[in-house]
Amino acid sequence: MLSPDELERYRRQIIIPGFGEEGQEKLKNARILLVGAGGLGSPGAIYLAAAGVGTIRIVDSDTVSLGNLNRQILHWSRDIGRNKIESAAEKLKEINPEIKVETTKVRLTDENVREIAAGYDLIVDAVDNLPTRYLLNRTSMALKLPLFHGAVYGFQGQAMTILPGQTPCLMCLYRGASPRGTVPVLGATPAVIASIQTTEVIKYLTGLGQLLTNRLLIYDGLNMRFQELKISRDPACKHCGDNRQT
Ligand SMILES: [Zn+2]
């Protein structure tokens, strides 16, 4: 049941055709795992919290530095040196005291990831490196949790939604080498991609619309174009194929 305050707080989305109080209750009951409280995780967490997703567990092992502040908008100048999860939880509780924010300060590894992800409804990929993305991808397959992928580089970004056992996964999509060095990012780029991920999460939880599955959405901010690539499942994929090693 939604309280009078919740009905008022979420009124403008509840009146979206098809959304209704029922959709809002689905968000309230949802438990999601958001991995990364940085460039993608900041706007992602803000919109997920403001929308009333009931439980958000944020995983990040970093502290806030000056060089984060052009894009990691949950963290402010006064937060430099703090744990990102603490800084994030404080802001999210002010944005929406109705929701529960859980925090885990840890670097995800093969050893700890399944225990951390167990009991959640889905995983949001808001990380900044390929090895951790592959780890989330394998975890998504092993625990059958949908994975909402996003990534950014400079003015460019991409997003895809992965439903384990049904749609292509990250390993079907990309098997190249990890990019090396510092990734350039304009702060507005992860805001675009995180908004797409959040829209996908809310659609998945409420059952509305068509998900961004079987296709990669590519955003080119420099020329202001969106493009879609059709992605097929690879039967030989090491993560989701017939011979998977999860
Ligand atoms: Zn695959």
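The values are calculated or read from the model by the stated rules, or taken from the named source; none is laboratory data. Only a predicted model underlies this, so the values are computations on that prediction, with no experimental measurement involved. Quick reminder, even Gly has a Cβ in these numbers, built from the backbone with ideal geometry, and neighbours come from all protein chains shown. What goes into the accessible areas is simple: the full protein's heavy atoms, side chains included, and nothing from ligands, DNA or RNA. Shrake-Rupley method; radii C 1.70, N 1.55, O 1.52, S 1.80 Å.
Peptides 120-128, 84-92, 213-221, 17-25 ranked from most to least packed by the mean count of surrounding Cβ atoms within 10 Å: 120-128, 84-92, 213-221, 17-25.
Per residue, what accessible area does the chain have, given a 1.4 Å probe and all protein chains present, in Å²?
Values: 12010 Å² over 246 residues.
Using a 1.4 Å probe on heavy atoms only, each residue of the chain averages 49 Å².
Out of all DSSP beta bridges in the stretch 118-243, what portion is antiparallel? Express it as a percent rounded to 5. Antiparallel: roughly 85 percent of the beta bridges in the stretch 118-243.
Inter-part distance, the stretch 41-99 to the stretch 177-212, computed on C-alpha centroids, equals 16 Å. Amide H contacts under 5 Å for ARG233: none, restricted to partners 5 or more places along the chain or on a different chain, H placed in the peptide plane at 1.01 Å from N. For the listed residue pairs LYS105/LYS203; LYS91/LYS144; LYS28/LYS93; LYS28/LYS91; LYS26/LYS105, the alpha carbons are over 24 angstrom apart in LYS105/LYS203; LYS91/LYS144; LYS26/LYS105.
Computed over the chain, the per-residue total of -39500 (n - 2.57) for DSSP H runs of n ≥ 4 gives a 222 nm mean residue ellipticity of -10000 deg cm²/dmol, rounded to 500.
When ranked by the protection proxy of mean other Cβ atoms within 10 Å per residue, highest first, what sequence do the peptides 93-106, 186-199, 2-15, 63-76 form?
Details: 93-106: 15.2, 186-199: 21.1, 2-15: 13.5, 63-76: 17.7.
Going by the mean number of other Cβ atoms within 10 Å, highest first, we get 186-199, 63-76, 93-106, 2-15.
Quantify, in whole percent, the carbon and sulfur part of the accessible surface of the chain (1.4 Å probe; protein heavy atoms only).
Values: 6090 of 12010 Å².
Answer for the chain: carbon and sulfur cover 51 percent of the accessible area.
Computed over neighbours whose Cβ is under 15 Å from that of THR161, the net charge equals +2, Lys and Arg +1, Asp and Glu -1. Can you list residues from other chains, or at least 5 along the same chain, whose modelled amide H is less than 5 Å from the amide H of THR63? Close amide H contacts, sequence-distant or interchain: LYS84. Can you tell me how the chain classifies by the Cα gyration tensor, rounded, prolate or oblate, using a/c under 1.5 as the rounded cut? Because its axes are fairly even, with a/c under 1.5, the chain counts as rounded.
The 3J(HN,Hα) values that the Karplus relation (6.51, -1.76, 1.60; θ = phi - 60°) gives for the stretch 29-35 are, in residue order, 7, 7, 10, 10, 10, 10, 9 Hz. Gly and Pro appear as x. Less than 5 angstrom separates the built amide H of ALA151 from those of GLN158, all sequence-distant by 5 or more or on a different chain.
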